[in-house]
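Novice: Okay, here's the structure, questions in a sec.
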Amino acid sequence: HTHTHTQIDAHTIGTHLPSPAWSAAQQAALQARLAAAVGRLQGMEQVQTDLSAAAAASERALKDMRAERDAMKHKCSLLQDKLTLATQKQVQCHDQVREAVSLLDEARLQRDQVG
(Lines give C-alpha, C1' and ligand atoms only; values in the text may rest on other atoms or scores of the structure.)
Protein backbone atom coordinates (compact mmCIF):
# COMPACT_ATOMS: atom_id res chain seq x y z
CA HIS A 1 0.00 0.00 0.00
CA THR A 2 2.04 2.91 -1.34
CA HIS A 3 -0.71 5.58 -1.07
CA THR A 4 0.19 8.37 1.36
CA HIS A 5 -2.55 9.88 3.46
CA THR A 6 -2.56 13.13 1.50
CA GLN A 7 -2.96 11.30 -1.83
CA ILE A 8 -5.87 9.25 -0.47
CA ASP A 9 -7.45 12.39 0.99
CA ALA A 10 -7.06 14.34 -2.23
CA HIS A 11 -8.47 11.42 -4.26
CA THR A 12 -11.37 10.85 -1.88
CA ILE A 13 -12.17 14.56 -1.86
CA GLY A 14 -11.98 14.64 -5.66
CA THR A 15 -14.56 11.85 -6.00
CA HIS A 16 -16.90 13.44 -3.45
CA LEU A 17 -16.76 16.97 -4.90
CA PRO A 18 -19.94 18.09 -6.70
CA SER A 19 -19.84 18.78 -10.42
CA PRO A 20 -17.62 21.71 -11.53
CA ALA A 21 -20.71 23.61 -12.72
CA TRP A 22 -22.28 23.37 -9.26
CA SER A 23 -19.07 24.47 -7.55
CA ALA A 24 -18.78 27.46 -9.90
CA ALA A 25 -22.34 28.48 -9.09
CA GLN A 26 -21.67 27.83 -5.42
CA GLN A 27 -18.48 29.92 -5.63
CA ALA A 28 -20.36 32.76 -7.34
CA ALA A 29 -23.03 32.69 -4.63
CA LEU A 30 -20.37 32.64 -1.93
CA GLN A 31 -18.57 35.57 -3.56
CA ALA A 32 -21.83 37.48 -3.77
CA ARG A 33 -22.49 36.85 -0.06
CA LEU A 34 -18.93 37.85 0.73
CA ALA A 35 -19.26 41.06 -1.31
CA ALA A 36 -22.55 41.85 0.48
CA ALA A 37 -20.89 41.23 3.85
CA VAL A 38 -17.96 43.48 2.91
CA GLY A 39 -20.44 46.12 1.74
CA ARG A 40 -22.30 45.92 5.05
CA LEU A 41 -19.02 46.16 6.92
CA GLN A 42 -18.00 49.25 4.95
CA GLY A 43 -21.44 50.70 5.61
CA MET A 44 -20.97 50.09 9.33
CA GLU A 45 -17.52 51.69 9.21
CA GLN A 46 -19.08 54.72 7.48
CA VAL A 47 -21.78 54.91 10.15
CA GLN A 48 -19.08 54.66 12.83
CA THR A 49 -17.12 57.47 11.15
CA ASP A 50 -20.25 59.61 10.90
CA LEU A 51 -21.10 58.92 14.55
CA SER A 52 -17.57 59.82 15.63
CA ALA A 53 -17.77 63.06 13.66
CA ALA A 54 -21.18 63.84 15.16
CA ALA A 55 -19.88 63.10 18.66
CA ALA A 56 -16.89 65.38 18.10
CA ALA A 57 -19.17 68.14 16.78
CA SER A 58 -21.46 67.74 19.82
CA GLU A 59 -18.44 67.94 22.11
CA ARG A 60 -17.30 71.16 20.41
CA ALA A 61 -20.80 72.64 20.56
CA LEU A 62 -20.99 71.77 24.25
CA LYS A 63 -17.63 73.45 24.92
CA ASP A 64 -18.82 76.55 23.01
CA MET A 65 -22.06 76.59 25.00
CA ARG A 66 -20.16 76.27 28.27
CA ALA A 67 -17.87 79.13 27.26
CA GLU A 68 -20.93 81.19 26.27
CA ARG A 69 -22.59 80.37 29.58
CA ASP A 70 -19.48 81.44 31.50
CA ALA A 71 -19.30 84.68 29.51
CA MET A 72 -22.99 85.31 30.26
CA LYS A 73 -22.41 84.62 33.97
CA HIS A 74 -19.59 87.17 33.90
CA LYS A 75 -21.77 89.74 32.10
CA CYS A 76 -24.57 89.08 34.59
CA SER A 77 -22.31 89.65 37.59
CA LEU A 78 -21.02 92.89 36.02
CA LEU A 79 -24.61 94.03 35.44
CA GLN A 80 -25.48 93.02 38.99
CA ASP A 81 -22.62 95.21 40.26
CA LYS A 82 -23.81 98.13 38.12
CA LEU A 83 -27.34 97.67 39.37
CA THR A 84 -26.15 97.61 43.00
CA LEU A 85 -24.21 100.85 42.43
CA ALA A 86 -27.17 102.47 40.68
CA THR A 87 -29.47 101.45 43.53
CA GLN A 88 -27.07 102.93 46.09
CA LYS A 89 -26.89 106.19 44.09
CA GLN A 90 -30.67 106.25 43.81
CA VAL A 91 -30.99 105.86 47.59
CA GLN A 92 -28.50 108.72 48.08
CA CYS A 93 -30.48 110.88 45.66
CA HIS A 94 -33.73 110.12 47.48
CA ASP A 95 -32.05 111.09 50.77
CA GLN A 96 -30.78 114.36 49.28
CA VAL A 97 -34.20 115.14 47.83
CA ARG A 98 -35.82 114.47 51.21
CA GLU A 99 -33.23 116.69 52.87
CA ALA A 100 -33.84 119.48 50.33
CA VAL A 101 -37.60 119.21 50.80
CA SER A 102 -37.32 119.42 54.58
CA LEU A 103 -34.94 122.43 54.22
CA LEU A 104 -37.47 124.11 51.94
CA ASP A 105 -40.23 123.38 54.45
CA GLU A 106 -38.11 124.90 57.20
CA ALA A 107 -37.36 127.94 55.08
CA ARG A 108 -41.09 128.37 54.34
CA LEU A 109 -41.94 128.09 58.02
CA GLN A 110 -39.37 130.73 58.91
CA ARG A 111 -40.60 132.99 56.14
CA ASP A 112 -44.19 132.56 57.33
CA GLN A 113 -43.10 133.38 60.87
CA VAL A 114 -41.24 136.47 59.68
CA GLY A 115 -44.22 137.44 57.58
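Novice: Just to be sure, is residue 25 open to solvent by less than 70 Å² (accessible area, probe 1.4 Å) and at pLDDT below 90?
Specialist: For residue 25, the condition - open to solvent by less than 70 Å² (accessible area, probe 1.4 Å) and at pLDDT below 90 - is met.
Novice: Within the stretch 87-109, track down each residue that is open to solvent by 80 Å² or more (accessible area, probe 1.4 Å) and of a type outside the set (Asp, Glu).
Specialist: 88, 89, 90, 92, 94, 96, 97, 98, 103, 104, 108, 109
The values are calculated or read from the model by the stated rules, or taken from the named source; none is laboratory data. The structure displayed is predicted, hence computed values, not measured ones. Note: accessible area is taken over every heavy atom of the protein model, side chains too, but ligands, DNA and RNA are not part of it. Shrake-Rupley method; radii C 1.70, N 1.55, O 1.52, S 1.80 Å.
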